[in-house]
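Step one of this worksheet: look at the structure below.
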Amino acid sequence: MKVAILGGGQLARMLAIAAHRIGIEPWVVDPSPEAPAAPVAHHVRGALDDPASWEAIAHCDVATAEIDHAPSSALAWLADRMPVRPGSRAFAVAGDRLAEKRLFDELGIDTAPWSAVDSLDDLRSALHRVGLPAVLKLRREGYDGRGQRVIRRVEEARTAWQSLEGRPSIVERLIDFDREVSVLAARGVDGDVRFWSPVENRHEAGILRHSRPLGPGETGSIEFAGRRVVGSILDSLDYVGVLAVEFFEVGGRLIANELASRVHNSGHWTEEGAETSQFENHLRAIAGRPLGSTRLLGPTAMVNLVGLDAAPEHWQAVPGARLHWYGKRPAPGRKVGHVTLRAETRLDLDANLAHAATLPVTSSEAFSDAALRWQAS
Ligand code: ATP
Ligand code: MG
């Protein structure tokens, strides 16, 4: 069994490592010689929209992607030759914030008030409808808070619009949330759906920093509500693979932020904290195999290593810490690895996290760049 993965970043790297373990041969397409997945997969070095790259993976049994914006030309070409999973509609929705918001509306899923924006005039009138403060987001290719501008006063509209180069966008109301939560699930070819525990996420400057699966008794009504939303998206897209949906929690209610049609950063903890990881279940799903149990094994947390603050060696002294290094060149605002912490009790977990917080890191420096991007306009 050979799986083709469009994109060779850290998600492809972790998928590839899981693939080897369960007897699947990973092939990745990525133009960069330094692609994080290159050392652990067959690496087709080429552009994702280059037919020569497609030819080089035409012998694979199934194709998937580790990015939200896989070119539709590549997906269509591959779909004539092999199953492309989670599916062309899923990729089309996840790669375009407008399509995503329309799907949420269509399924009756709550979102922040939003509006499509194609001109400065659109933006000004939309701000009156959605309300302030708001955030302007590029429709395509944004990640880690890139391609977003917060707008606090109508007068800031022009600067925000110009700094995103007047590209097709959406604007939405900034939500004053109690916490951010994501819900991940895997759906098999036979329609079997498995949910992992809902995850609490903390972002800094638009970048995910901490994720922690909520234990039994910590989720209140949101677990049921989150599963209902994710289940309805899975069914409506006839989805195969792992889907992640990010939410804002406000007064016990869930407001959908966005979805990812792939394995997700807030699911990295599943490798140590769940019986079957998101990487393995994504592969099992797209390969048409039975899914594994998603049971939570105990208190777990994940910390992203971002920018220049990575210092991987310090983490090895923290009890219960397991390091995942992506082999990327550190740069401000770039995710270069993560650490998963497992403990017997929540108390131990918190103590180990507190220990980790004393590590000599320079996160403020690493974050200044991203923070500026998030606050600009
Ligand atoms: P990623 O790819 O890392 O998930 P992204 O660049 O696709 O991120 P979003 O998830 O839309 O972007 O935004 C990143 C973070 O910015 C959110 O997790 C949240 O912390 C904040 N944010 C985005 N939109 C809003 C909003 N409408 N209200 C409040 N906070 C928001
Ligand atoms: Mg997000």
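The values are calculated or read from the model by the stated rules, or taken from the named source; none is laboratory data. No experiment lies behind these values; they were computed from the predicted model shown. Cβ atoms come from the backbone with ideal geometry, glycine included; neighbour counts cover every protein chain shown. Calculation scope for accessible area: heavy atoms of the full protein, side chains included, ligands and nucleic acids excluded. Shrake-Rupley method; radii C 1.70, N 1.55, O 1.52, S 1.80 Å.
Worth pointing out:
- Close pairs (6 angstrom Cβ cut-off, 6 or more residues apart or separate chains): among the acidic types (Asp, Glu) in region 56-76, outside any helix (DSSP H, G or I) and open to solvent by 30 Å² or more (accessible area, probe 1.4 Å) anywhere: ASP61/MET1; ASP61/LYS2; GLU66/ARG262
- A Cβ distance below 6 Å, combined with a sequence gap of six or more or placement on separate chains, defines the contacts here; from region 329-348, residues that are touching a residue at least 60 places away in the same chain (Cβ under 8 Å) and closer than 13 Å to LEU297 by Cα reach residues that are of a type in the set (Ser, Thr, Tyr) and crowded, with 18+ Cβ neighbours inside 10 Å in the pairs ARG342/THR300.
- Identity of the residue in region 307-352, over 22 Å from ILE17 (Cα atoms) and among the β-branched types (Val, Ile, Thr), that ends up surrounded by the most Cβ atoms within 10 Å (Cβ to Cβ): VAL318
- Of the residues in region 195-203, at least one is among the aromatic types (Phe, Trp, Tyr) and either surrounded by 24 or more Cβ atoms within 10 Å (Cβ to Cβ) or assigned by TED's automatic domain parsing to the domain that holds LEU120 (or both).
- Among residues of region 144-162 that are outside the structural domain of LEU123 (by TED's automatic domain parsing) and part of a loop (DSSP other than H, G, I, E, B), none has a Cβ under 9 angstrom from a residue that is more than 12 Å from ligand 2 (Cβ to nearest atom) and modelled with pLDDT of 95 or more at a sequence gap of 6+ or on a separate chain.
- Residue that is farthest from ligand 2 (Cβ to nearest atom), among those in region 151-174 that are aliphatic (A, V, I, L, M) and farther than 20 Å from ARG209 by Cα: VAL154
- Where strands (runs of 3 or more DSSP E) fall wholly inside region 175-222, the ranges with 2 or more residues that are within 14 Å of ligand 2 (Cβ to nearest atom), within 25 Å of VAL135 (Cα to Cα) and touching a Pro at 6+ places or on another chain (Cβ under 6 Å) are 179-187.
- Number of residues in region 255-271 that are outside any loop (DSSP other than H, G, I, E, B) and either surrounded by 24 or more Cβ atoms within 10 Å (Cβ to Cβ) or within 11 Å of ligand 1 (Cβ to nearest atom) (or both): the value is 10.
- Residue in region 236-254 that is farthest from ligand 1 (Cβ to nearest atom), counting only those that are charged (D, E, K, R) and under 23 Å from ILE175 (Cα atoms): ARG253
- When each of ILE233, ILE222 is tested for being more than 13 Å from ligand 1 (Cβ to nearest atom) and more than 26 Å from LYS137 (Cα to Cα), the lone residue that passes is ILE222.
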